[in-house]
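The structure appears below as structure tokens.
Derivation of every value follows stated rules applied to the coordinates shown; laboratory data play no part. Given the structure is predicted, the values throughout are model-derived calculations rather than measurements. As a convention, Cβ positions derive from the backbone with ideal geometry for all residues, glycine included, and neighbour counts pool all protein chains shown.
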Amino acid sequence: MAFDGVTVAAVIKECRELLTGARIYKIAQPEADELQITLKTKTGQYYLLLSASASLPLIYLTGRTKQSPLTAPNFCMLLRKHIQNGRIVDITQPGLERIMHIHIEHLNELGDLCRKKLIIEVMGKHSNIIFCDEEDNIIDSIKHISGMVSSVREVLPGKPYFIPKTENKADPVAFMENGLSEEERKKEFSSLVFQKPAPLYKALYTSFTGFSPILAQELCFRSGLDADRSALSYLQEELSVSADASVIKEASTGSSAESSSAVSAQPADKNIAVHLLYEQFTALMRQITAGKFSPVIVYEQKAPVEFSAVSMKMYSASSSKDFSSISALLETYYAEKNALTRIRQRSADLRKIVQTILERTVKKYDLQCQQIKDTEKREKYKLYGELLHTYGYGAEPGAKSLEAENYYTGEMVNIPLDPTLTASENAKRYFDRYGKMKRTYETLSELIVDVKEEIDHLESIAASLDIAEQESDLVEIKEELIAAGYVRRKGGTKKEKVTSKPFHYISSDGFHMYVGKNNFQNDTLTFKFAVGNDWWFHAKGQPGSHVVVRTEGAELPDATFEEAARLAAYYSKGRGQEKVEIDYTEKKNVKKPNGAKPGFVIYYTNYSMVIDSDISGIRQISS
């Protein structure tokens, strides 16, 4: 989700409520493009984080501090000189721009009261933090932009500050306050949005500043309109319908051509699509200007995928989490995003190792399957040899084939012969082929089982990497790869301490459910933690975690069976599928064969159910 103008509006509302009148206690610059301002108010102390990072620009209040460099950068020293101990008198936003103005009052060296502005522009690669005087002249900025870099605006000390004009975009705040009547404003809305031959959601966010693509799609959803359909086609469809209606009217009433033309060219503001979208647009703008925000994070398979300062009706309620504070939302969203990204980066090497070995092993398995298929003719060669021993006396010298009766089935069989060999020599050749193929089949039958087990083991490790959430989870997976001989322990390196624990959930009926994060944990859960009457769940025929439900001697309700099965489906290769088959049985029925690979078990007495992999309603109490 982009840090759009609506999100900035929500941040400004929160900051204005909490920080108006606050004293600037400390100013730090933890990163080259980031500021952290400590503010003291009558109600407590706050930390305002301002980032102009090109990849991740941010503004939010936080309760955590960052380590600052020993020597403060020049921009930080300048701010300390001018506004440290100053007071915030207001926080504003021009229109719905992704810009925040912090108005600061302070005393200069002579003791005179002065005003300054700290301006934060959250605009992707163009993000900046700019310090201006009360005349909007730039004193300095965290990033200097010369005329060689931008022909639109220079951001340099001494230059006047201004907001670059956004081409072909209207300010939605000014649009709502332009003094026009409702019908006139609707016509203007139609001309801005519905005259574009672009998808409706794109026509919307390219017509107004501060709107992101996701927010535009949300408005289309609320309006019941197809976001991907061309905006212009909605008008063309309405005009076509109007023209047809006018023709019918003319035929029935004998109206003049002039009146028909007038009806067919009815104004665009009568278009139902325009009306629906306009109503949702104005409702949202009234909500924003009134400061009524509903911060929400949307999750997909426990990973945050979107956030918004307003409710997102296009997503189901079960996949979203509401927040009372936009700052808490932003801090949570980016912390979770960063954690997932970091785990992905840390596990990249292990993934590459597993994937490389898996691809090589699958190729070996396919080759062995083809070779074992080639041995299917062995019984036919054995039969040829036996029939030649029995009926070979009837073969004429130099014959290329022999017709003989198969005494097992009574059918006639045509046996190809080498005309340069006698019948007994041909029989010996067929027996030799049979013996060679039989030995190949017996050898491959053993090897192919081992190779298939190795593939299953590698796929289970890959599945473990997919569900790893912490660096400690990767430690145990790496130890498994070392134990299996896929990775060598570096010389002198000791075995890393394992602190990872299984996922721990509690069912709606109060039963504790545990999920192994990897094969070592699966074995521990099933054979050391669980007792005989506990229930055991696993996805049928595919890699996945062992799920153990502690019964404490009680009988499990149906709801707990279903929730445990959902966990088994979610923590398996079948995650995301609508239906996953789950096997479940009492733990006492689960056995581990001697010499089996980690996580591999067998069971013969079990029940099965087919269920989805949605675990959004199951409470996780620790991991």
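Using amide H atoms built in the peptide plane, which far-off residues or other-chain residues are under 5 Å from residue 210 H to H?
Here the answer is 5, since their amide H atoms fall under 5 Å of that of residue 210.
Ranked from highest to lowest mean number of other Cβ atoms within 10 Å per residue, what is the order of the peptides 534-540, 555-561, 377-383, 475-481?
For the peptides 534-540, 555-561, 377-383, 475-481, the packing ranking is 534-540, 475-481, 377-383, 555-561.
Using +1 on the beta carbon of Lys and Arg, -1 on that of Asp and Glu, and nothing else charged, what's the dipole of the range 324-384 about the Cα centre, debye to 20?
With only Lys, Arg, Asp and Glu charged at Cβ, the dipole is about 380 debye.
Quick one: plug the Kirkwood hydrodynamic radius of the range 5-141 (C-alpha pairs) into Stokes-Einstein at 25 °C, 0.890 mPa s, and report D in µm²/s.
164 µm²/s
Restricting to DSSP H runs of at least four residues, report the calculated mean residue ellipticity at 222 nm for the chain, -39500 (n - 2.57) per run over all residues, nearest 500 deg cm²/dmol.
About -13000 deg cm²/dmol.
Residues with beta-carbon under 12 Å from that of residue 361, excluding residue 361: net charge, scoring Lys, Arg +1 and Asp, Glu -1?
Around residue 361, the surrounding residues sum to -3.
Obtain the nm distance between the two label points defined at residue 420 and residue 482 by a simple spin-label model: each point lies 7 Å from its Cα along the Cα-to-C-beta direction.
Reported label-point gap for residue 420 and residue 482 is 6.1 nm.
Using the 2.2 N^0.38 Å rule of thumb for compact globular proteins, work out how the range 81-189 stacks up: its C-alpha Rg over that value, please.
It is 1.31.
Using 10 Å bins from zero, what percent of all Cα-Cα pairs in the range 569-618 falls into each bin?
For the range 569-618, the binned pair fractions read 23, 40, 33, 5 percent.
If the cut-off is 19 Å between C-alpha atoms, which lysines fall inside it for residue 143, apart from same-chain ones fewer than 8 positions away?
81, 116, 117, 125, 159
For residue 377 and residue 107, compute 0.36 nm times the residue count separating them, minus their Cα-Cα distance, and round to one decimal in nm.
87.4 nm
Could you derive backbone 3J(HN,Hα) for the range 574-579 from the dihedral phi with the Karplus parameters 6.51, -1.76 and 1.60 (θ = phi - 60°), listing whole Hz in sequence and x where the residue is Gly or Pro?
Computed from phi, the couplings for the range 574-579 are x, 3, x, 6, 5, 9 Hz.
If you take every residue apart from residue 176 with its C-beta less than 14 Å away from the C-beta of residue 176, what net charge results, scoring Lys and Arg +1 and Asp and Glu -1?
Taking every Cβ under 14 Å from that of residue 176, the sum is -3.
Report the calculated FRET efficiency for residue 45 and residue 506 (r = Cβ-Cβ distance, R0 = 45 Å), to the nearest 0.05.
0.75
Go through the range 449-464 residue by residue and turn each phi into a ³J(HN,Hα) via Karplus (6.51, -1.76, 1.60, θ = phi - 60°); whole Hz please, and just put x for glycine and proline.
Values per residue, Gly and Pro as x: 5, 5, 5, 5, 5, 5, 4, 4, 5, 5, 5, 5, 5, 4, 5, 5 Hz.
Just to check, using Stokes-Einstein with a Kirkwood Rh over alpha carbon pairs, what's the diffusion coefficient of the range 263-405 at 20 °C and 1.002 mPa s in µm²/s?
91 µm²/s
Two decimals is fine: what's Rg over Rh for the chain, C-alpha atoms, Kirkwood radius as Rh?
Working: Rg = 36.6 Å, Rh = 31.5 Å.
With Rh from the inverse mean 1/r over Cα pairs, Rg/Rh is 1.16.
Considering amide H positions built from the backbone, and no H for Pro or chain starts, which residues 5 or more places from residue 294, or on another chain, come under 5 Å of its amide H?
Excluding prolines and chain starts, which carry no amide H, the hits are 310, 311.
So how tilted is helix 348-374 from the main axis of the chain? Cα-based, degrees 0 to 90, rounded to 10.
With both axes taken from Cα atoms, the answer is about 30 degrees.
Among 397, 103, 485, flag the residue with its Cα farthest along the positive direction of the charge dipole of the chain, charges on Cβ as +1 for Lys/Arg and -1 for Asp/Glu.
Result: 485.
When ranked by the protection proxy of mean other Cβ atoms within 10 Å per residue, highest first, what sequence do the peptides 440-450, 384-394 form? Before the final figure, lay out each step's value.
Details: 440-450: 13.4, 384-394: 17.7.
In decreasing order of mean packing, 440-450, 384-394 become 384-394, 440-450.
Provide the net charge surrounding residue 411, with neighbours chosen by a C-beta distance below 14 Å and charges set as Lys +1, Arg +1, Asp -1, Glu -1. Provide the component values of the computation, followed by the final result.
Details: positive: 380; negative: 403, 405.
Counting the neighbours of residue 411, the net charge comes to -1.
About the Cα centre of the range 352-464, how large is the charge dipole given +1 on each Lys and Arg Cβ and -1 on each Asp and Glu Cβ? Please answer in debye to the nearest 20.
Roughly 340 debye for the range 352-464.
Residue separation times 0.36 nm, minus the C-alpha to C-alpha distance between residue 289 and residue 341: what's the value?
Full extension from residue 289 to residue 341 adds 15.2 nm.
Quick check: pseudo-label points 7 Å beyond the Cα along Cα→Cβ at residue 56 and residue 412, how many nm apart are they?
8.2 nm
Might you report the magnitude of the Cβ-based charge dipole of the chain about its Cα centre, with Lys and Arg at +1 and Asp and Glu at -1, to the nearest 20 debye? Intermediate values should be presented prior to the final figure.
On the way: 79 positive and 83 negative charges, 488 e Å.
It works out to roughly 2340 debye.
Karplus couplings for the range 53-63 from phi (6.51 cos²θ - 1.76 cosθ + 1.60, θ = phi - 60°), rounded to Hz, Gly and Pro as x?
My calculation for the range 53-63 gives 4, 5, 8, 8, x, 8, 9, 6, 8, 9, x Hz in order.
Just the number, please: Stokes-Einstein D of the range 501-622 in µm²/s, Kirkwood Rh from C-alpha pairs, 25 °C, 0.890 mPa s.
Approximately 175 µm²/s, per Stokes-Einstein.
Report, in degrees rounded to the nearest 10, the 0 to 90 angle that the Cα long axis of helix 378-391 makes with the longest principal axis of the chain.
20 degrees
Compute the Rg/Rh shape ratio of the range 428-527: radius of gyration over Kirkwood radius, all on alpha-carbon atoms.
Details: Rg = 20.9 Å, Rh = 16.9 Å.
Rg/Rh for the range 428-527 comes to 1.24.
Per residue Cα convex hull volume for the range 352-464, in cubic angstrom?
Working: hull volume 12.9 nm³, N = 113.
Here the figure is 114 Å³ per residue.
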